[in-house]
Structures are given as C-alpha cells and as structure tokens.
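Quick notes on the structure that follows.
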Amino acid sequence: AFATYIIAEIEDSMVLIDKHAGHERIIFEKIKNSQNNLDSQLLLYSVDVFLSFEEYDAFIQNKEMLSRLGFSFEAVKAPYIRILGMPVYLDGFAPEEIIPELAKNLLDYKRNPMPEVLDDMYHTIACKAAIKANDKNQIEELKVLALKIYEDENIRYCPHGRPVMIKITKKELEKQFKRIL
C-alpha cells in the first residue's frame with residue numbers, strides 16, 4: 001500500500017508492515033551480530049570527501065573501528081579523507097552521502113565512543129542500505145521480507161524506535177465492521 005507498506009494475511013491476522021523500517025532492523029541485527037567485521041568492497045575509483053577539521057580528526061582517530069565496519073580510507077590532506085572502500089551493505093551509495101554523517105557521529109561521541117557510536121554507525125549503515133518507501137519491489141521479495149519480520153520477535157521496532165509491524169486479528173477486524181460483538 002502506498003509503495004511503503006506490506007499488507008499480508010498470516011495465520012488468523014492481517015499484518016501491516018513498514019517495509020523500510022523492517023528491512024532496516026533486519027540489516028541492523030545482521031551488522032550488530034557480525035562481530036564488527038563487515039566485508040568491505042573496494043571502490044572502482046577512490047573518492048575524496050571534505051569534512052570539518054574536527055570531523056577529520058575524529059575519523060582518523062577511529063580508523064581501526066571504521067576498518068572493522070568495512071570502511072577503507074587514507075588521510076589525504078586535512079580535512080579531506082580519501083575513501084578506498086565501503087561496507088558491502090552500502091553498495092551503490094556515494095561516499096559523500098555516508099562519510100560526513102559517520103564523521104559527525106564520531107565527533108558527537110568523541111569523549112567515549114563505545115558503545116553508543118557503534119549503535120549509531122550500525123543505524124546509519126542499516127538505514128542507508130535498507131529498501132526505501134516508494135521503492136518498486138517484487139512481490140516475492142516483499143513476501144520473504146514479511147515472513148522474516150513476522151517470524152522474528154526481535155524485529156518489532158526499527159533502530160530508531162518506530163514500530164515495524166501492526167497486527168490485527170480477524171476477530172478484531174470483524175469487531176470493527178460490527179460483524180461480531
């Protein structure tokens with residue numbers, strides 16, 4: 001519905017699923033359970049990304065953690081970072097979209113970056129990698145997504161806290177239409 005929600009009948013219920021929020025939570029859980037070792041994909045061409053000097057320093061100081069998250073980069077000339085590779089989950093995204101946001105996260109948690117910054121990093125990666133509202137998806141893809149969300153009790157809220165799924169039983173629906181009392 002509205003190129004954003006999946007409407008499905010599962011068991012004795014009608015289920016409404018926010019496809020972006022659900023997919024984002026699935027990716028978030030995969031990343032979180034990967035032991036911070038995400039596969040990196042080298043870029044065909046390196047990309048220089050401009051940051052503030054403070055963001056640049058925070059990025060450089062967290063090189064080891066960013067490497068475990070799948071980012072490959074080198075310091076060029078402050079405040080430019082040369083991006084050589086990104087996590088496989090972010091295939092198709094421009095480094096200019098992702099890196100400034102990650103650098104800001106690092107700067108915000110500069111005093112004590114663990115574990116809050118990791119969660120923010122996971123959120124950012126998952127949000128960018130997830131299918132979006134208004135994406136055109138195949139029915140089979142949406143069926144698999146709906147079943148995965150329905151069957152996994154951990155996927156009830158997106159990483160930002162929004163609900164992923166609303167479940168309405170047949171009985172509740174029949175009450176709404178005054179078919180039963």
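The values are calculated or read from the model by the stated rules, or taken from the named source; none is laboratory data. The structure presented is a predicted model; accordingly, all values stated were derived computationally and were not measured. Heads up, the Cβs are rebuilt from the backbone with ideal geometry, glycines too, and the neighbour counts pull from every protein chain shown. In case anyone asks, the SASA skips ligands and DNA or RNA and just uses the protein heavy atoms, side chains included. Shrake-Rupley method; radii C 1.70, N 1.55, O 1.52, S 1.80 Å.
Numbers for the structure displayed
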| item | result |
| --- | --- |
| Per-region count, the range 81-105, residues open to solvent by 20 Å² or more (accessible area, probe 1.4 Å), within 14 Å of the chain's Cα centre (by Cα) and of a type in the set (A, V, I, L, M) | 1 |
| Test: residue in the range 123-142 that is closer than 13 Å to Ile17 by Cα, within 15 Å of the chain's Cα centre (by Cα), in contact (Cβ under 8 Å) with a residue 40 or more places away in the chain and in a helix (DSSP H, G or I) | no |
| Condition met for Ala78 (small (Gly, Ala, Ser) and either in contact with a Leu (Cβ under 6 Å, 6 or more places away or on another chain) or surrounded by 13 or more Cβ atoms within 10 Å (Cβ to Cβ) (or both)) | no |
| Some residue of the range 31-53 being farther than 24 Å from Asp152 by Cβ, open to solvent by 10 Å² or more (accessible area, probe 1.4 Å) and not in a strand (DSSP E or B) | yes |
| Subset of the range 68-113 (residues that are hydroxyl-bearing (Ser, Thr, Tyr), in contact (Cβ under 8 Å) with a residue 24 or more places away in the chain and closer than 22 Å to Lys32 by Cβ) | Ser72, Tyr89 |
